[in-house]
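A short worksheet on the structure shown next.
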Amino acid sequence: MRTIQTHTRYVKWLSPEEMHNESQEWLSELRFMKDEHLFFEDLVKSYTLQLISPEKFSHNAEIIEAINKSRKKNGLLIKAIIVHINNLKIMVDGIDQIEEEEAYKKEHRRLTLENSDQLRKYRILKTQLFDIIKNIKKEEKHPLIDKE
């Protein structure tokens, strides 16, 4: 693997095997995230009443919408990466197809950025959701007592 600097960004030159391994790793991460999305949906269902309380509804509605968006994006990325993996043959077929090979590398770079962005946003979302649930659990454990 070689690394070069272009316009203050470093670009890795990956072999076809390295691109394949990286793509497989992405797919594994995204499939795990898909399972976690199902867990999040169950969690939201379990705490629906607390999540829709009037004083917290708008904030929690944003988180629930973000979970749905993340789940959809995750599904699209899985499909795109499967197609990308299946197209790897362009890189290893022994036939010089400069334009197709460059397009494959460009697509790999695009998917690298898109996958990285999805993972970053997903981690933030996961943290926010767990914070909300943690606060709900604390409130259940120590409910506020109305003092009149």
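The values are calculated or read from the model by the stated rules, or taken from the named source; none is laboratory data. Small disclaimer: the values here were computed from a predicted structure and weren't measured. For neighbour counting, all protein chains shown are included, and Cβ atoms are generated from backbone atoms with ideal geometry for every residue, glycine included. All accessible areas refer to the heavy atoms of the entire protein, side chains included, with ligands and DNA or RNA removed. Shrake-Rupley method; radii C 1.70, N 1.55, O 1.52, S 1.80 Å.
Among residues of the range 23-42 that are open to solvent by 80 Å² or more (accessible area, probe 1.4 Å), those with a beta-carbon under 8 Å from a residue that is among the basic types (Lys, Arg) at least six positions away or on a different chain give the pairs Lys34/Arg71.
So is Asn86 modelled with pLDDT of 90 or more, surrounded by 12 or more Cβ atoms within 10 Å (Cβ to Cβ) and of a type in the set (S, T, N, Q) or not?
Values: modelled with pLDDT of 90 or more: yes; surrounded by 12 or more Cβ atoms within 10 Å (Cβ to Cβ): no; of a type in the set (S, T, N, Q): yes.
The answer is no for Asn86.
Give the residue, chosen from Leu111, Leu49, that is open to solvent by 100 Å² or more (accessible area, probe 1.4 Å) and either closer than 16 Å to Ile136 by Cβ or in contact (Cβ under 8 Å) with a residue 60 or more places away in the chain (or both).
Values: Leu111 fails: open to solvent by 100 Å² or more (accessible area, probe 1.4 Å).
Exactly one of Leu111, Leu49 is open to solvent by 100 Å² or more (accessible area, probe 1.4 Å) and either closer than 16 Å to Ile136 by Cβ or in contact (Cβ under 8 Å) with a residue 60 or more places away in the chain (or both), namely Leu49.
So is Ile132 open to solvent by 50 Å² or more (accessible area, probe 1.4 Å), farther than 30 Å from Glu17 by Cα and either under 12 Å from the mean Cα position of the chain (by Cα) or at pLDDT 90 or above (or both) or not? Can you show your working first?
On the way: open to solvent by 50 Å² or more (accessible area, probe 1.4 Å): no; farther than 30 Å from Glu17 by Cα: yes; either under 12 Å from the mean Cα position of the chain (by Cα) or at pLDDT 90 or above (or both): yes.
Against the criterion (open to solvent by 50 Å² or more (accessible area, probe 1.4 Å), farther than 30 Å from Glu17 by Cα and either under 12 Å from the mean Cα position of the chain (by Cα) or at pLDDT 90 or above (or both)), Ile132 does not qualify.
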